[in-house]
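Asks: Dumping the structure here so I can ask a few things about it.
The values are calculated or read from the model by the stated rules, or taken from the named source; none is laboratory data. Given the structure is predicted, the values throughout are model-derived calculations rather than measurements. Quick reminder, even Gly has a Cβ in these numbers, built from the backbone with ideal geometry, and neighbours come from all protein chains shown. The protein model used for the area step is the full one, side chains on, heavy atoms only, and it has no ligands, DNA or RNA in it. Shrake-Rupley method; radii C 1.70, N 1.55, O 1.52, S 1.80 Å.
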Amino acid sequence: MKRAYLKTKITDENLLMRIPSGYKKTNCPLMKKTDKIIRFIPILFLLLTVTTGCQKSLEKALERAADSRETLTGMLSDADKVRGMFNACYGGVPNNRVYLYFWTSEEELTDNCIDPQPQSMGNWRSGLLTPSFAAVWATQSTTNAYTNTNVSWWGRYWGALRECNLFIENVKNITVPLELLPQSDRDLMKDEAMALRAYYQFKLISMYGPLPFLDTSYEIDFTGWKDLKRPTFDEAAKKIATDLQGIIDRKIIPLKRDPANVNDKYRMPLSFVYGLKSRVLLFNASPLYNSTGDVAKYEAAAAAAKQLLDLNAYTLEPLSNTKRMYISNYNVDLEAVEVIWKGRDRLSQLSNIAGMDLSKTNPVRCNYAIAKAGETPSQEIVDCYEMKNGALIIQNYDATHAKPTFTSEAIAAGYDDVNNPYANRDARLSKDILYNGNYFGESYQLGSINVFTYLGCPGTGTNGNTTTGSNLKTCSGYYFAKDRDPLWYGKGVSGDGNGRCYQFTVYMRIAEIWLNYAEALCGAGHFDEACNALDKTRLRAGQPSIKAVPGYQAGNLQWLMKRIYNERRVELVLEDSRFYDVRRWNLISDVNNNNVSIIIPEKVGTNYKYTRFPCPYVYSCFNEKYKVLPIPLADKNLLPGIDQPVAWQ
């Protein structure tokens, strides 16, 4: 039987309040009948509405025509509706990485990016996060009450957990004949729902700290919320890892999805389950929740990464092919090489909401302007790209980050911060980031795109050291190139650019697993093995083996871990890693403010001069209170046994 469970894409607009396509909604009391009425509503927020005296409003919102009621029993007797229930389990997985309102990515909330826009980014940057204001919308829609700035990610993932539990609990109650819904399909959907539940649970604990593992879709009249307690992070992580290992052992989910079936490729492969287990156990081993450096936790994380690597199911793309991982049509079999799983949204207008205005350049390389420059690279991420010989650029930053101390190794290798800071650098720099004078690629029928960001340059020139200026121009002196397709620019109108491009989000690739392995091995004290694992991405990029870089310190685990952190930041930029890494590494604090800075290129005759400045926008989001997020106040009142993170107490 050909599977088509995800023929209807899940979109952020119908997230969490979603009824599977084609269903009619219900008219009923609040879940008091034995034959329960299905509603896809996060239970905590349903409880909140009832307990705060808004029951009439809720009943009005749920009011449906009498002939359109749908019972759980009825849904479980219809194969398409069962598949619709399963489909809804995927609702919490972002379709693309700029899923936050207003076209904002998790990367923008870190020190890798600068984006001056208001909305989610402005709230976050300005330090407005509180238990009663979550600062960001965790969806593109501002009308969804379960992902708005009151609850954000908390509402998104709690609601998604309920979808999963509701399905998992009721697989055994399906009454559809087996010839219409074979047992093998039921088992597959159940294991996928369990894997998705683990994914959402991990998202919650990585943001809000350890939480009870939710494996029940609690009823509206559940009274046990007050009895829930915070487990240790170790307990929470091990429970998730145990569930994931059970799914791995059963091997019901295919290791890779059918490359010829786009609908099947939307769904989570078993290889992602392996990789997710690696993420969970590495987070558990990291300094935030492993202050003593417990070697056993790192050993467990290393074993989890090795478990996937030993399958030899993936390898690294050559450097010349890495761009295709982000800008290929969905039917290209990228999963045959490095990509483990990617998003279902082609994000064709990424360059429109995070790009360059080439309509005003000389010569013109695009017949239409962009909506906004969006996320632009910080000077700090640029500084992470080593010299070609492997020397790091920065010894340390001053308080403003505008007058750093450069390493003696970089100076010896010819680094020139004022006149030519991009010469003789890691090859990934020119592929990932568009700096002044960098070649981007070929536009559609309007020639080569060479990007200039110097002050005063038409179209793509920087706004300079100011909080005013065009939102179509970079504020940092850079633009991103890594996952952008130059063919978006060229002849026609912006809609034509959208139609030409495929700019999918990569959820996971094997490069991350090698980096997970290197970090875990280093934490466990296996220096040589960690170096070998780290070399996988380094050598692919044309960088020297870590043992051949200037200043190599044999056997120094602290030195090696610093290099692993740096390599991970470079290799996984724009892949939603940094937001979680700075937290688990315990780098966010009131002491280390993770400031960001910019560079301003100026044209001097036929040459250029480069000057660093502190970012003109005040960043109040790199402090202790942003490390572990606060539980939204309304739900904290329902969960008295779960304390707020220490910084919020």
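Asks: Of the residues in the range 359-371, how many are over 28 Å from residue 418 (Cβ atoms) and crowded, with 20+ Cβ neighbours inside 10 Å?
Replies: Residues flagged as over 28 Å from residue 418 (Cβ atoms) and crowded, with 20+ Cβ neighbours inside 10 Å within the range 359-371 amount to 3.
Here is a yes/no grid of residues against (1) of a type outside the set (Ser, Thr, Tyr); (2) open to solvent by 10 Å² or more (accessible area, probe 1.4 Å); (3) within 20 Å of residue 342 (Cα to Cα):
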residue	(1), (2), (3)
450	yes, yes, no
455	yes, yes, no
482	yes, yes, yes
499	yes, yes, yes
508	yes, no, yes
515	yes, no, yes
522	yes, no, no
525	yes, yes, no
529	yes, yes, no
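Asks: Here is a further query. Condition first: out of contact with any Lys or Arg (no Cβ under 6 Å at 6 or more places or on another chain) and either among the hydrophobic types (A, V, I, L, M, F, W, C) or surrounded by 20 or more Cβ atoms within 10 Å (Cβ to Cβ) (or both). Now tell me which residues in the range 427-443 satisfy that.
Replies: Within the range 427-443, 427, 428, 429, 433, 434, 435, 436, 440 qualify.
Asks: Now for a different question. How many residues, within the range 138-166, are in contact with a Leu (Cβ under 6 Å, 6 or more places away or on another chain) and either within 30 Å of residue 470 (Cα to Cα) or modelled with pLDDT under 90 (or both)?
Replies: Qualifying residue count, the range 138-166: 2.
Asks: Shifting gears a bit: So residue 139 clears everything in (1) open to solvent by 10 Å² or more (accessible area, probe 1.4 Å); (2) of a type outside the set (A, V, I, L, M, F, W, C); (3) in a loop (DSSP other than H, G, I, E, B) except one condition, right? Which one?
Replies: Result: residue 139 fails condition (1) only.
Asks: Hey, another quick one. Just need a number here: residues in the range 586-636 that are in a loop (DSSP other than H, G, I, E, B) and not aromatic (Phe, Trp, Tyr).
Replies: 25
Asks: I would also like to ask the following. Please go through the range 478-496 and give me each residue that is outside any loop (DSSP other than H, G, I, E, B) and closer than 30 Å to residue 313 by Cβ, ordered by number. Please lay out each step first, then the result.
Replies: The initial filter retains those residues of the range 478-496 that are outside any loop (DSSP other than H, G, I, E, B), namely 479-480, 486-488, 490, 494-496.
Answer for the range 478-496, where residues must be outside any loop (DSSP other than H, G, I, E, B) and closer than 30 Å to residue 313 by Cβ: just 480.
Asks: May I ask you to list the residues in the range 497-546 that are touching a residue at least 24 places away in the same chain (Cβ under 8 Å), of a type in the set (D, E, K, R) and either part of a helix (DSSP H, G or I) or closer than 18 Å to residue 559 by Cα (or both)?
Replies: Result: 500, 512, 519, 536, 538, 540.
Asks: Still on this structure: For residues that are within 16 Å of residue 611 (Cβ to Cβ), among the acidic types (Asp, Glu) and under 32 Å from the mean Cα position of the chain (by Cα), tally how many sit in the range 416-445.
Replies: Of the residues in that region, 1 qualify.
Asks: Let me ask another. Among the residues that make up the range 345-352, is at least one of them more than 22 Å from residue 565 (Cα to Cα), touching a strand residue (DSSP E or B) at 6+ places or on another chain (Cβ under 8 Å) and either touching a residue at least 40 places away in the same chain (Cβ under 8 Å) or part of a helix (DSSP H, G or I) (or both)?
Replies: Initially, the range 345-352 is screened for residues more than 22 Å from residue 565 (Cα to Cα), giving 345-352.
In the following step, the residues that additionally are touching a strand residue (DSSP E or B) at 6+ places or on another chain (Cβ under 8 Å) were identified as none.
Scanning the range 345-352 turns up no residue that is more than 22 Å from residue 565 (Cα to Cα), touching a strand residue (DSSP E or B) at 6+ places or on another chain (Cβ under 8 Å) and either touching a residue at least 40 places away in the same chain (Cβ under 8 Å) or part of a helix (DSSP H, G or I) (or both).
Asks: Within the range 549-577, track down each residue that is open to solvent by 20 Å² or more (accessible area, probe 1.4 Å) and outside any loop (DSSP other than H, G, I, E, B).
Replies: Within the range 549-577, 557, 558, 559, 561, 562, 565, 566, 569 meet the criteria.
Asks: Of everything in the range 373-415 that's more than 28 Å from the chain's Cα centre (by Cα) and part of a helix (DSSP H, G or I), which residue is surrounded by the most Cβ atoms within 10 Å (Cβ to Cβ)?
Replies: The extreme case among them is 410.
Asks: Being among the hydroxyl-bearing types (Ser, Thr, Tyr) and farther than 30 Å from residue 330 by Cβ: is that true of residue 271 here?
Replies: No: the conditions fail for residue 271.
Asks: Report yes if residue 423 is in a loop (DSSP other than H, G, I, E, B), surrounded by fewer than 19 Cβ atoms within 10 Å (Cβ to Cβ), touching a Phe, Trp or Tyr at 6+ places or on another chain (Cβ under 9 Å) and without any contact (Cβ under 8 Å) to a residue 40 or more places away in the chain, otherwise no.
Replies: It is true that residue 423 is in a loop (DSSP other than H, G, I, E, B), surrounded by fewer than 19 Cβ atoms within 10 Å (Cβ to Cβ), touching a Phe, Trp or Tyr at 6+ places or on another chain (Cβ under 9 Å) and without any contact (Cβ under 8 Å) to a residue 40 or more places away in the chain.
Asks: Looking for something without any contact (Cβ under 8 Å) to a residue 24 or more places away in the chain, surrounded by fewer than 20 Cβ atoms within 10 Å (Cβ to Cβ) and either under 17 Å from residue 440 (Cβ atoms) or in contact with a strand residue (DSSP E or B) (Cβ under 7 Å, 6 or more places away or on another chain) (or both) - is there at least one such residue anywhere in the range 317-327?
Replies: Within the range 317-327 (the criterion being without any contact (Cβ under 8 Å) to a residue 24 or more places away in the chain, surrounded by fewer than 20 Cβ atoms within 10 Å (Cβ to Cβ) and either under 17 Å from residue 440 (Cβ atoms) or in contact with a strand residue (DSSP E or B) (Cβ under 7 Å, 6 or more places away or on another chain) (or both)), the answer is yes, since at least one residue qualifies.
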